[in-house]
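The next block holds one structure in the form of structure tokens; read it before the comments.
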Amino acid sequence: MQKINWLSRYGAALLVGLLGGNVLQAQERSSLNMPVGVTDVSQKVFDLHMLILWICVVIAVVVFTAMIYCMVKFRKSQGAVPSGPSHSTLAEIIWTVIPVLILVSMAVPAARTLVEIEDTRDTEMTVKITGYQWKWHYEYLDEDVGFFSSLAADSNAARQLGSSIDPATVENYLLDVDNPLVVPTNTRIRYLITSNDVLHAWWMPDFAVKKDAIPGFINEGWFEVNEPGVYRGQCAELCGKDHGFMPIVVEALPPADYRAWLASQKGAI
Amino acid sequence: MAHAENKYYIPHGTKWPIIGSTGLFILFAGVSVWLNGGDATLISLAGAGLVILMMFLWFSEVIDESESGTYNVQVDKSFRMGMFWFIFSEVMFFAVFFGALFYARQLALPWLGGEGNNLFTGSLLWPEFESEWPSNGPANVGGDFESMPAWGLPALNTIILLTSGVTITIAHHALKDSKRGVLAVFLALTFLLGFLFIGLQAEEYIHAYQDLNLTLTSGIYGSTFFMLTGFHGMHVTIGAIMLLVIWLRCLRGHFTPKQHFAFEGVAWYWHFVDVVWLGLFIFVYWL
Amino acid sequence: MSDATTHDTHEHHDHGPDRGLMRWITTTNHKDIGTLYLIFAFVMLFVGGAMSLVIRAELFQPGLQFVNPDFYNQMVTMHALIMVFGMIMPAFVGFANWMIPMMIGAPDMALPRLNNWSFWILPFAGVLLLSTLFMDGGGPASGWTLYPPLVLQTGDALPFAIFAVHLLGVSSIMGSINIIVTILNMRAPGMTLLKMPMFVWTWLITAYLLIAVMPVLAGGVTMLLTDAFFGTSFFQAAGGGDPVLFQHIFWFFGHPEVYIIILPAFGIISQIIPTFSRKKLFGYESMVFATGSIAFLSFIVWAHHMFTVGMPLAGQLFFMMSTMLIAVPTGVKVFNWTSTMWKGSLSFETPMLFALGFLFLFTIGGFSGLMLAIAPADFQYHDSYFVVAHFHYVLVPGALYGAIAGAYYWLPKWTGYMYDETLGKWHFWLSTIFVNLTFFPQHFVGLAGMPRRIPDYAVQFTDFNAMSSIGSFGFGFSQLLMVYIVIKCVRGGKKATDQVWDGADGLEWTVPSPAPYHTFDDAPVVK
Ligand code: HEA
Ligand code: HEA
Ligand code: CUA
Ligand SMILES: [Cu+2]
């Protein structure tokens, strides 16, 4: 009974989620689809995702229709006798060439987006992100500001085995930290990422950023947030027992507020 | 119905595999315990002994069967193909270590030095480091060392192995021409050269450890150097033992000019070991 | 009878197998060994499956209910290692042993004693691997990908796990050599390469993939071992190595590995669909060619598992495009299967049902694979449940369905009895409903941002995870049905004819059911 409820609920939600994905606003996150996010890049990645998803859906409809047609039409119980051909060069050429063309139509926008993502020039400020088992360290290069960011205390209490605290009662369960990374909006920010121990990965879905933190090497990338807000993500590379408990929170402030925050941080040191 | 000459040979049950598996299990469990700091030398040796015993008895059985004419052409061909593809898998095994060497030299070290998209790796993490080869990494792991020059022992070893490749070919031709004397002499020469190679290699290792401070822990150079040469040396040892075995068999009058799978298998293996060495000489010692 | 030194010079072809336990330990018969492989795989399905049920039980709701995070990671790691190396690969080797000699008209495998060893290494490797769960620090908890540096933090289990991987590799390599040699050297007169059944072709190519990449994995884990215990620096930047090097090595093995898993399933499907369509396989030659192309391409796409490690742009572009290309030969296969059904005369016995389930659900998994191949989008998908959904679609209703379909297809030939068709259909429908309930919702939580390999999750993922967990228990228990069906079929039932399926074609259907202990004493003639 319960299950049927779910099915109907999510069946409808599924359609709305997929079909309406394009028009979803950034803040109301779908629980079905990728977030559109708050950067130009995340928007492009989202569009790319929807494009390839739809192409796959269309091909699936065509292919599955053909299969179902065969299953319905050519049944032995309906008296069908085998009469079809066992090869056709023309058909085989067609279904080799068409997929190639479809693939090209996906590869071109994908390559374009990729080139843009990998272009790390002209950034205005730099933060260095270091993964630790199991927390993040953020350092504002040239600003003399740096701090650790770990799982918020209430989540941490609730997540213990047999804590008997209902996670639903904890706000932003597992997605909250003590010290979020604070960044200015409308600023092209370069992030440098490395690790102090094992591999981690910094994943911020709203920015379409995921980059591995590798001890001894520094990876770089960039993002530019368009809208102020609080964004949440998680470590995305298995890093040991508390891999599930090292969230990422980014607070994007308008540049003026950001500068005020930065100044207060410097005072704090 | 008795076995017709050209019927397929289906062996009866065999107990060697289960013994071999047990041996491998004991050996690996023992070595694991030892690696974890436990005392399992005896267990490990027992396991290894069991594996060696099994191989000895299994091979003896096959040799007896072969010499008593149980096998036909098809079986012979199966053995050859099996050996060939086994050697191919060995080639792939060495390919990984060569791959690691190329990756470290062409990619990892330059990146650590700040090249490519790793500008900040160089400038922030390892500002002192300049990528060059040989290297034990930006942290000078294992301390300063000297690399192994190509034109001393290694060059001599190259000559030795290449010569052994020639001697085994001569032996092979002798076998085909039924010149058993020549066969025995040149086969003996081959494995003697093989053991000589191993001796010199040991010499080289001692030199590396004592004089050059070049050890397994000398960063990526030491790692790739000893892994590649070490696994190669292991294969030379196995090959030389196999050569010894077929030499003894030749002395006993085994093999005919037409059917001598074991000889050919060992010869292929030996050539394979030879070719790997050439790769080593060029990429590990020379370039 | 265990005196193996007396070789076989007396008549043997009409006496049956030896009796008792020693028969199974010492056997060199391809059917016995095939049976051993299949039983081993079937047991491992439940061992690995039980672990996945631990995973799903913990994930039923947010918060930690049953296991601590470290044990959870051990379960994930072991589940994958057991399923991949202990279940699905041995299952297909079992099919190879049983069917290849029968399909090509050979009396047995080319190297029967080696064959015995290939199998008998497996249980020992399995024990070595499973025993780590009881050690100080527990089993390996680094995921089946064994990435350093994390894997180097494993406790006492590390060398045991690594040696277990070595042994599994040795077993696979020996098994593959045997298969290659059998196919190349043991075919009956007239059985040219292009007359071989598709299943034989797919296995020939799979065996080549295996001997090419298992040694690579062996080398990679050996480097882990020396990094851990002998102070080498392969995967340590300080010494000039790079942790990412291991990922390259692992995936150079790992990507061909996933095709090692799927190609034999392709082969089985290519036998079943023609039989129940009562038509020849459409486009046989292009099927062979497509299989070869997939195998070739599988060597040059590995880094699509590593788009986020910070590869140079050119590398990302190359691996993205080469990966996408695999959709073309795979598409050829899907289209050819569909065309086989076109204007056929279809009936829907259990093997066909599972084959059709495969056709639909594998294709879905293939589409999500294609999406993952798009590098910029993969920055979002990577290491999320979207990936978990992708690979379970290709592994469970893909590879595992292939194996199940094959089992139903050939059970009458193996046992001489028909299985219970009604129960078989139940098995199919229950499995198919539950497998979708388990894995389809994982697409959504993945896209919505749930990372993989976590024992606990944010509350917005609750509903889908609950569905998934219910599905997994349903799917798991549906498999108990298969145990019952198989045992029942072995015990007896309706006698199977030699041909078994009226549309079946091939040498294996010309011999009696059950197939005699030695199938072909005289090589059959193939026209
Ligand atoms: C049986 C196993 C199997 C198979 C067959 C596949 C098939 C494919 N896989 Fe999958 N994959 C795995 C098992 C498998 N995979 C596993 C286990 C992992 C995770 C490992 C881990 O991290 O633990 C993984 C992960 C994985 C990733 C990494 C994701 C990540 O971690 O970020 C990627 C990325 O490219 C990928 C891609 C593909 C592609 C493109 C195919 C293609 O072969 C699919 C081709 C098929 C089709 C496309 C459908 C049929 C085609 C048509 C109907 C033709 C027309 C279609 C078009 C023109 C679009 N796979
Ligand atoms: C062929 C391979 C294969 C197969 C068949 C399966 C089958 C299943 N897998 Fe698995 N899985 C992998 C390969 C496979 N998986 C891999 C490679 C990973 C990645 C690991 C990693 O991240 O490192 C993975 C990871 C993985 C995860 C992600 C964990 C995480 O990231 O945190 C999950 C979660 O749902 C999961 C679930 C399941 C389920 C429910 C099944 C079901 O289909 C299983 C069905 C269950 C049964 C058949 C069991 C029946 C048992 C009983 C009825 C109980 C009775 C018990 C006894 C008698 C002993 N798997
Ligand atoms: Cu840090 Cu996962
Ligand atoms: Cu892959």
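The values are calculated or read from the model by the stated rules, or taken from the named source; none is laboratory data. Everything numeric here is computed off the predicted structure, so don't read it as measured data. Backbone-built Cβ (ideal geometry, glycine too); neighbour counts: all protein chains shown.
When C:VAL396, C:VAL334, C:VAL387, C:VAL309 are checked against the criterion of being in contact (Cβ under 8 Å) with a residue 40 or more places away in the chain and more than 16 Å from ligand 3 (Cβ to nearest atom), C:VAL396 stands alone in meeting it.
The residues listed here are C:THR323, C:THR350; of these, the one that is at pLDDT 95 or above, in contact with an Asp or Glu (Cβ under 8 Å, 6 or more places away or on another chain) and buried (at least 24 other Cβ atoms within 10 Å of the Cβ) is C:THR350.
Against the list (1) within 16 Å of ligand 2 (Cβ to nearest atom); (2) crowded, with 24+ Cβ neighbours inside 10 Å, the condition C:VAL258 fails is (2). Summed over region B:24-56, the residues that are crowded, with 16+ Cβ neighbours inside 10 Å, among the aliphatic types (A, V, I, L, M) and within 12 Å of another protein chain (Cβ to nearest Cβ) give a count of 10.
For B:ASP144, all conditions in the list (1) more than 8 Å from every other protein chain (Cβ to nearest Cβ); (2) in contact with a strand residue (DSSP E or B) (Cβ under 8 Å, 6 or more places away or on another chain) hold save one; what is the number of the exception? Going through (1) more than 8 Å from every other protein chain (Cβ to nearest Cβ); (2) in contact with a strand residue (DSSP E or B) (Cβ under 8 Å, 6 or more places away or on another chain) one by one, B:ASP144 breaks only (2). Per the listing C:PHE379, C:PHE391, C:PHE386, C:PHE367, the residue uniquely surrounded by fewer than 22 Cβ atoms within 10 Å (Cβ to Cβ) and more than 17 Å from the chain's Cα centre (by Cα) is C:PHE367. Could you list, ordered by first residue, the pairs with Cβ atoms under 6 Å in which the first is in region A:35-59 and on the phi > 0 side of the Ramachandran plot and the second is of a type in the set (D, E, K, R), at least 6 apart or interchain? Close Cβ pairs (under 6 Å, with a partner that is of a type in the set (D, E, K, R)) amount to A:GLY37/A:ASP206.
Please tell me if A:PRO205 is buried (at least 24 other Cβ atoms within 10 Å of the Cβ) and in contact with a strand residue (DSSP E or B) (Cβ under 6 Å, 6 or more places away or on another chain). In short, yes. A:LEU175 passes every criterion in (1) of a type outside the set (Ser, Thr, Tyr); (2) in contact with a helix residue (DSSP H, G or I) (Cβ under 9 Å, 6 or more places away or on another chain); (3) free of Cβ contacts under 8 Å to residues at least 40 places away in the same chain; (4) farther than 25 Å from B:THR121 by Cα apart from (3). Whether a residue is more than 7 Å from every other protein chain (Cβ to nearest Cβ) and surrounded by 13 or more Cβ atoms within 10 Å (Cβ to Cβ) was assessed, and A:VAL108 does not pass this test.
In region A:253-268, the residues that are in the same structural domain as A:GLU227 (by TED's automatic domain parsing) and within 19 Å of A:VAL38 (Cβ to Cβ) reach residues that are outside any helix (DSSP H, G or I) and among the hydroxyl-bearing types (Ser, Thr, Tyr) with C-beta atoms within less than 7 angstrom, at least six apart or across chains, in these pairs: A:LEU253/A:THR185; A:PRO254/A:THR185; A:PRO255/A:THR185; A:PRO255/A:THR187.
Kindly indicate whether C:PHE246 is in contact (Cβ under 8 Å) with a residue 60 or more places away in the chain and within 16 Å of ligand 2 (Cβ to nearest atom). Here the answer is yes, as C:PHE246 does meet what is asked. Test C:ARG56 against the stated conditions and say whether it is surrounded by fewer than 23 Cβ atoms within 10 Å (Cβ to Cβ) and modelled with pLDDT of 95 or more. Judged against the criteria, C:ARG56 is a match.
Does C:PHE234 count as within 14 Å of chain A (Cβ to nearest Cβ), of a type in the set (Phe, Trp, Tyr) and within 15 Å of ligand 2 (Cβ to nearest atom)? It is false that C:PHE234 is within 14 Å of chain A (Cβ to nearest Cβ), of a type in the set (Phe, Trp, Tyr) and within 15 Å of ligand 2 (Cβ to nearest atom).
When residues in region C:406-423 are screened for being charged (D, E, K, R) and more than 12 Å from C:PRO351 (Cβ to Cβ), 1 of them pass. When C:LEU245 is tested against the conditions (1) buried (at least 24 other Cβ atoms within 10 Å of the Cβ); (2) assigned to a helix (DSSP H, G or I); (3) not hydroxyl-bearing (Ser, Thr, Tyr), the lone failure is (1). Here C:SER345 meets each of (1) among the hydroxyl-bearing types (Ser, Thr, Tyr); (2) buried (at least 23 other Cβ atoms within 10 Å of the Cβ); (3) more than 16 Å from ligand 3 (Cβ to nearest atom) with one exception, condition (2).
Could you go through region A:78-98 and let me know if any residue there is surrounded by fewer than 15 Cβ atoms within 10 Å (Cβ to Cβ), more than 7 Å from chain C (Cβ to nearest Cβ) and under 21 Å from A:LEU51 (Cβ atoms). Checking region A:78-98: at least one residue is surrounded by fewer than 15 Cβ atoms within 10 Å (Cβ to Cβ), more than 7 Å from chain C (Cβ to nearest Cβ) and under 21 Å from A:LEU51 (Cβ atoms). Scanning region B:100-109 for residues that are more than 7 Å from chain C (Cβ to nearest Cβ) and buried (at least 16 other Cβ atoms within 10 Å of the Cβ) yields a total of 3. Note on region A:178-223: residues that are within 7 Å of chain C (Cβ to nearest Cβ), part of a strand (DSSP E or B) and within 21 Å of B:SER123 (Cα to Cα) amount to 4.
Exactly one residue out of B:LEU112, B:LEU119 is touching a helix residue (DSSP H, G or I) at 6+ places or on another chain (Cβ under 8 Å) and within 14 Å of chain C (Cβ to nearest Cβ), and it is B:LEU112. Here B:GLU203, B:GLU146 are screened, and the one residue that is at pLDDT below 95 and outside any helix (DSSP H, G or I) is B:GLU146. Of all residues in region C:303-317, those satisfying the criterion of being under 28 Å from the mean Cα position of the chain (by Cα) and more than 7 Å from chain A (Cβ to nearest Cβ) are C:ALA303, C:HIS304, C:HIS305, C:MET306, C:PHE307. Could you say whether any residue in region C:341-359 is within 16 Å of ligand 2 (Cβ to nearest atom), outside any helix (DSSP H, G or I) and over 17 Å from the mean Cα position of the chain (by Cα)? No. Applying the condition of being of a type in the set (D, E, K, R) and over 15 Å from C:THR145 (Cβ atoms) to region C:212-261 and asking which residue is nearest to ligand 3 (Cβ to nearest atom) yields C:ASP242. Read through the list (1) within 16 Å of ligand 1 (Cβ to nearest atom); (2) without any contact (Cβ under 8 Å) to a residue 24 or more places away in the chain, then give the number of the only condition that C:VAL76 fails. Against the list (1) within 16 Å of ligand 1 (Cβ to nearest atom); (2) without any contact (Cβ under 8 Å) to a residue 24 or more places away in the chain, C:VAL76 comes up short only on (2).
Conditions tested, residue by residue: (1) part of a loop (DSSP other than H, G, I, E, B); (2) more than 24 Å from the chain's Cα centre (by Cα).
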position	(1), (2)
C:GLY34	no, no
C:ILE39	no, no
C:VAL43	no, no
C:SER52	no, no
C:ARG56	no, no
C:GLN61	yes, yes
C:PHE66	yes, yes
C:ASP70	no, yes
C:MET78	no, no
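Of all residues in region C:147-158, those that are closer than 19 Å to B:VAL33 by Cβ have Cβ atoms under 6 Å from Cβ atoms of residues that are of a type in the set (D, E, K, R), 6 or more apart or on another chain, in C:GLY155/C:ASP136; C:ASP156/C:ASP136.
If you check B:PHE97, B:PHE28, B:PHE86, B:PHE79 for being at pLDDT 85 or above, assigned by TED's automatic domain parsing to the domain that holds B:ILE238, under 21 Å from the mean Cα position of the chain (by Cα) and more than 25 Å from B:PRO257 (Cα to Cα), only one passes: B:PHE97.
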